[in-house]
Structures are given as C-alpha cells and as structure tokens.
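The structure appears below as structure tokens.
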Amino acid sequence: MKRTRYFLYGSLLSISPTSLLLADTLESIQIEDEALSNTPFEPFFVTPEDIPSVVNNADFLKRIPGANVNKNGALTGIPQYRGMFGDRVNVLTDGINVKAAGPNAMDPAMSSLAADLTEVVTLYRGIAPVSSGVETIGSTVKVETKSLDFGTGEKMKTQGTLNAKLSSVDKGKHASAFVGAANKSHKIYVGLATEQGDSFSFKNGENFNTDYDRDTIIIGYGFQSAAGKHQFDLNYHHNDTGKTGTPALPMDIAYVKGDVINLDYTTQLNDGLKMSAKIARQDSDHKMSNFQFRTVTAPARRFALTDVKSDNYKLQLEKQIGQQSLTMGINGDTAKHRADIFNPDNSAFKVTNYDVERDRNSVFAEVTQPVTPALTLQAGLRYTNVKMNAADVSTSLAATNTLHRVLRDRFNARSRKKTDDNIDLAVNMMHTLSDHVTLEYGLAHKTRSPSYQERYLYLPLESTAGLADGRQYFGNIDLKPEKATQLELGTTITTGTTGKKSRISPHVFYHRVDDYIQGTPTTSTPAPANTLTFNNIEAEFYGLDMDFYHQLSQNMSLDGTLSHVRGKRRDIADNLYRIAPSNIRVGLQYQRTNWSLGSEIIAYAKQDKVSQTNSEKASAGYALLNLNARYQANKHLTLSFGIDNLLDKGYTSHLSGYNRNNRNTDVGFDANDNQAFRLPAEGRNVYATVKVEW
Ligand SMILES: [Cu+2]
C-alpha cells in the first residue's frame, strides 16, 4: 500500500491539514495534492516530526479536537476521544489492533512505538466509518510506522534520518536512526530508537517514579511489480520497554517485550477494482511488580507475568466507478491473554488473574457516492461476531482464604463462554454549501462488546485496563455489549481565494449509549468493602470541538483546537468517570524560509463534573505557555529548541490519576486513601533536538 508522506518544513505547531496551507509560502516543501484538498471523510492527522517535544504517541492526541489521553505513567497513555477511552477507541498500528499484554493496560497500543519512528497519527473526527475497523464506538486512531516510498528508477537510492534529543524535566536522552534504500521495485528499511528518562520534576519536587526506558525497532521490506499491479509489504515492529514507572497504578513496569509482524498484499484486479489482504501476528510479554520502585513488606511483595498472542486478518475489495466507491471486506482477530500473580519470596504462591480468549470476526460494506453535485454520502454497515471464553482459574490462597475459595469455585462452576452479535451502521454526509462553507453530518449506531477484564475479573483486583481509580473491581460475565446512537453536526468555513487564508471547523455531537459499561457498587457476597462490579448502565455524551487556523500575514499564522465534552449517566444522577476537562490550545507561528518561531497557550478548565460512583476528585484549571524554535541550517541539518511550561506552573492533569507510590513523597501518599493525591504534571521543560537527514 502506498503511504502518503507529508513534508512540512518548519512548522512546529502543525496540527492538522490546515497547517499545510502554509505550504504556499515556503520553498522547501513538497506536498501531495490530496492532503490540501478538503476531501470528504478524511481523518485528522498529526505528524510527529513537527512536534519534537512529544515522547509518547498518545500525547499527539491532545493536538486533535475532542481527543485526549489518560496518562497512568511515563509511557502509559490511554487514548480518550469525546469522553470515551480505553478499548472504546480503536487504535490501529499499521492496520493492526495491537493488544496490551498487561491487564491494567500499562502497555496500551500507542506506547509500543517511539514517536521518532512514527510517520503519522490520525483520528477520524466525529463518526468513524465502519471501514475504519471493528468496534469503533469511540472512533479510530491510526498510527503508521515510518516507511519509505518506492523510487522511480532501477537504481537503489538510499536515505536516512538521525535524531537526537535532550530534555531537562526528566533528564531525557533519546536517539533514533532510520535508514533505507528503494528503487521502483524494492524498498528496504530499518529504524531504531532508544529513549531513557528519569522521574520528571515539577514545581515542588520530583514525581517518583516516572522513569522510563524504551527501545523500539522497525524493519520493513516492500516489493511492487511493474505499473504497481502487485504490491507486497512486510514489516516487523519490536518494542522492548524496561523498568518504567506507572505511579497511578498499584504496580510498575518491569518489562514489556512485544513483536508484531505484518504482511500486506495489494493488487489491482482490473480497472477500478483493487484487492488488499493482510495477515499479522502479535506476541507480547510483560512483567510488572509492586516492589521495584516502592517500599513493600515482604509478605505483600507481588509481581505478575502476563502475555498476549494475537492473530489478525483482513481481505478487502474496493471498486471505484467515477466518483462512487464501494468497499467491502472481512476482517478480524484473535487474542489469548494470560496473567498470573506471584510472590517473589514464596514459590507456592500463584494466582490466576486472567486466562482468557477474545476473538472477533467481522464483515462490512461501505459506499461513498455523490447524491447531488453538492452532497456526498458515505454509508456503511458492519456485522461483528465476538466470541469470548475463560479457562478455569486457580489460586493458591484458596486453601486458607474463604474469599478466594468461594470466588474461584463460583467462577469455575459456571459457563464463561459468551458470543455477541453486533451491528454497526454509520452514515456520514458532506454538504458543500459554497466554495467556503461545507456542512458535515452523521448518524450512527455503534457497538462494543465487553473487554475480557470487564467480563472475567473473578477476584476483587485493580486490573481494570488502566481505570486507575484506586478501586477493586469484579467482572461480570453476563454483561451485554454497549450500543451507542451517535449524532454529528459540523461545519467547515474557509476564507481566501483558495480557501487557505483561514479555516474554522466546529462540530457538535450527541452520543446516547445504552448498556454502557461502568463500575457500580458490588451487591454480591463475599466482597471486600467499596468494591465495584462492572455493570450495564445508561449514559450519554455531548459536546463541541473544533480546530481553527488563520493566516495573519505572509509569515504569521494562528492555529489551535477547542474541546468540550460532558459525560453523564442517564439512569442515576451522576457524571461519568475521568472525562477530559474543557480545554483550548492557541498557537502563534512565525515562519521564514529556513527558520520558525512558535508559541502556544494551553488552558484547561477545572473539572468538577466528577463521578461519585468512582469517588472521583475534582481538579483545578490551569494555563501553560510553551515556546519553540526551529532552524534548518541546510538540507541535511535541522535544529529545534523549545521550552514547555515556561512559567513552571505547578498543576495536575485531571486525566493522570492519583499517586499510588509510597516513595513518591514530594507528591504525597496516604495508605488509607488511594485517591488522596492527584499526580502532578511536568514542570518547566527545556528541550533541544538535532536532526540529520540525507
Ligand atoms: Cu502491567
């Protein structure tokens, strides 16, 4: 498959296709035309190389209207879009729904790849088309690893990029290399990245432990036959994360080692008919412990070994007839998860956390066609079959502990096999009212089956895919799938003769979710106090988000995003848990041919619409000022420099959870209250990067 590369010289603040509009005024730019056109239904994208301050791919989501990240640790960023987070957001890495090996999502999909080896991060704003994936109730995020384009001649041409970065707030040291060679038939490339950092500092001290250590490798080979009739792509991606802190969770990462291998084949069957096929395999292992960065008495020391094995397939046909296109296909994946808990000082101690399987098979069809010259319709239908099962569990504590014995026996005595049949329907329309005004509206029915944690957590534990609310949960085998009705209304208004002077695109949305899955107070016995059980409840989300861009002069431009979402229960008077506060980002950018200066203000409102059920604490609002500069010395060397949080503002991000690390004394810790102290965010961070390319 051909990847579109976006070259945007000098824009540190580029956040959307709108930023590419600056292209006209610059020389050293090549942009594929389609990136500039206001193509209907195209996703919003962020190119990591334009934002060198970011370490984690998940943090790029903060640049996208309506999107954010639940941050449980240095590398642990769980995507949130319009109030829905975790498995509700379908994250695809090179088309694969990479699974977290850890049942507490210490290694969510977006944590497995260095930003330096990432080409682009995209998100479908509003209603994700059904063709974008299986289970897209909270939209689809796509992460593309770096690759190469095929060349034009016989001769192999080499290219490469070296990156180095230092950051002050965490004494971060990052280095990466990407080298490859391509001609018109073959391409081959290798990418390596290594990233280390200490616990980051904030206004009043150090946030212990937020150390991180990650190595990433990507290797790829591609072949295309004459005239591009057949194309093969093989790529391999390895993630080796070492000791890394997750202070919002009861344990920290000892390691995550993951391999994903991906084979794609595309062929042009005849004029306008394209077939693509994909198979992929993931194998990831993870170890976590509660004692490597924390003080724990010997009997309470624990570690867990977890792994996931997953196979993926996709077969898709695309027919293009004039302006009309029809896409249909089948796709799915299997996932086997195992997680066991141990005591390092007692080899007889062994508790099954999970031994489960979740398999998805899905079929879809989607049509995009002009209804009138001004109105384009995209409509898709998807059927998904989700099969889940859990093996018998065992716990060595059952011999002496009644709770363990009763819960184990109850779980093993009943059938755990579940099958869900889910229908997704999405209709999006783009209505061109004039050269400068389009309307976008959509209507969808989207579904999500319960996660394995939500169904099969038989002991009261905190392994809840990263909820980080400090609460113990029980799963619920009989959960029903979530069903959302989604409404979208947006407009894009542009000015200027080519529509490139300014742009604003507000969207409003309403999502009504039946059988939304949320913890409710446990009513079964035996159970420790304050346990929650996953249950189907009624919920709704609504809000407004937008991006904007305005070219003030030949060299000066303004851009940004605004996001507001409310998440409420409909069955009782309560708010939903961990909803991003309203926020705005405004950037001002000054660009010359070979250098640029930028500043941005990021402001978050307080969040006091919190979940009583989760005993969630409110958080205060804050505003930050960031500065950045970039200088392209010549066509090989680019330097960038920046200061994030220039004023060294002390603040907590509502989405970063509470401190659970008892050695994190600068933040504060209370053994009797898991939500006593919200985790602070980074203080002033000075960073510099050097990029060499040839
Ligand atoms: Cu873990």
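The values are calculated or read from the model by the stated rules, or taken from the named source; none is laboratory data. Everything numeric here is computed off the predicted structure, so don't read it as measured data. A quick note on method: Cβ atoms are made from the backbone with ideal geometry, for glycine too, and the neighbour counts reach across all protein chains shown.
Quick one: what pairs do we get from segment 151-177, first residue in contact (Cβ under 8 Å) with a residue 60 or more places away in the chain, second among the hydroxyl-bearing types (Ser, Thr, Tyr) and assigned to a strand (DSSP E or B), C-beta under 6 Å, 6+ apart or different chains?
Within 6 Å, the pairs are Asn163/Ser176; Lys165/Thr689; Ser167/Tyr687; Val169/Ser201.
What residue, of Ala254, Ala248, is within 16 Å of the ligand (Cβ to nearest atom) and in contact with a helix residue (DSSP H, G or I) (Cβ under 8 Å, 6 or more places away or on another chain)? Walk me through how you get there before you give the answer.
Working: Ala254 fails: in contact with a helix residue (DSSP H, G or I) (Cβ under 8 Å, 6 or more places away or on another chain).
Exactly one residue qualifies, and that residue is Ala248.
Here is a list of conditions, (1) closer than 23 Å to His337 by Cβ; (2) among the hydrophobic types (A, V, I, L, M, F, W, C); (3) in contact with a Ser or Thr (Cβ under 7 Å, 6 or more places away or on another chain); (4) more than 16 Å from the ligand (Cβ to nearest atom), and Ile261 meets all of them except one; can you say which number that is?
The number of the failed condition is (3).
Which condition number in (1) aliphatic (A, V, I, L, M); (2) over 25 Å from Asp94 (Cβ atoms); (3) loosely packed, with under 15 Cβ neighbours inside 10 Å; (4) in contact with a Lys or Arg (Cβ under 8 Å, 6 or more places away or on another chain) is the one that Ile330 fails?
It is condition (2) that Ile330 fails.
Among the residues that make up segment 333-345, is at least one of them more than 27 Å from the chain's Cα centre (by Cα) and surrounded by fewer than 16 Cβ atoms within 10 Å (Cβ to Cβ)?
Yes, there is a match, as at least one residue in segment 333-345 is more than 27 Å from the chain's Cα centre (by Cα) and surrounded by fewer than 16 Cβ atoms within 10 Å (Cβ to Cβ).
In segment 154-169, is there at least one residue being in a strand (DSSP E or B), in contact with a helix residue (DSSP H, G or I) (Cβ under 7 Å, 6 or more places away or on another chain) and modelled with pLDDT of 95 or more?
Of the residues in segment 154-169, the ones in a strand (DSSP E or B) are 157-167.
Applying the additional criterion that residues be in contact with a helix residue (DSSP H, G or I) (Cβ under 7 Å, 6 or more places away or on another chain) yields 163.
Okay, now just the ones that are also modelled with pLDDT of 95 or more, so 163.
Scanning segment 154-169, I find at least one residue that is in a strand (DSSP E or B), in contact with a helix residue (DSSP H, G or I) (Cβ under 7 Å, 6 or more places away or on another chain) and modelled with pLDDT of 95 or more, so the answer is yes.
Say whether the condition of being closer than 30 Å to Ser463 by Cα and surrounded by 18 or more Cβ atoms within 10 Å (Cβ to Cβ) is met by at least one residue in segment 370-377.
So in segment 370-377, the residues closer than 30 Å to Ser463 by Cα come out as none.
Within segment 370-377, not a single residue is closer than 30 Å to Ser463 by Cα and surrounded by 18 or more Cβ atoms within 10 Å (Cβ to Cβ).
Only residues that are within 16 Å of the ligand (Cβ to nearest atom) and either modelled with pLDDT under 95 or part of a loop (DSSP other than H, G, I, E, B) (or both): list them for segment 302-325, please.
Narrowing segment 302-325 to residues within 16 Å of the ligand (Cβ to nearest atom): 302-308.
Scanning segment 302-325 gives a single hit, Arg302.
A quick yes/no check of all residues on (1) crowded, with 22+ Cβ neighbours inside 10 Å; (2) under 30 Å from Val296 (Cα atoms); (3) modelled with pLDDT under 95:
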| site | (1), (2), (3) |
| --- | --- |
| Gly598 | yes, no, no |
| Ile601 | no, no, no |
| Ser619 | no, yes, no |
| Tyr622 | no, no, no |
| Lys691 | no, no, no |
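Of all residues being farther than 17 Å from Ser463 by Cα and among the aliphatic types (A, V, I, L, M) in segment 287-299, which is surrounded by the fewest Cβ atoms within 10 Å (Cβ to Cβ)? Just the residue, please.
The residue in question is Ala298.
So Gly466 ticks every box in (1) part of a strand (DSSP E or B); (2) surrounded by 21 or more Cβ atoms within 10 Å (Cβ to Cβ); (3) not hydrophobic (A, V, I, L, M, F, W, C) but one. Which box is left unticked?
Going through (1) part of a strand (DSSP E or B); (2) surrounded by 21 or more Cβ atoms within 10 Å (Cβ to Cβ); (3) not hydrophobic (A, V, I, L, M, F, W, C) one by one, Gly466 breaks only (1).
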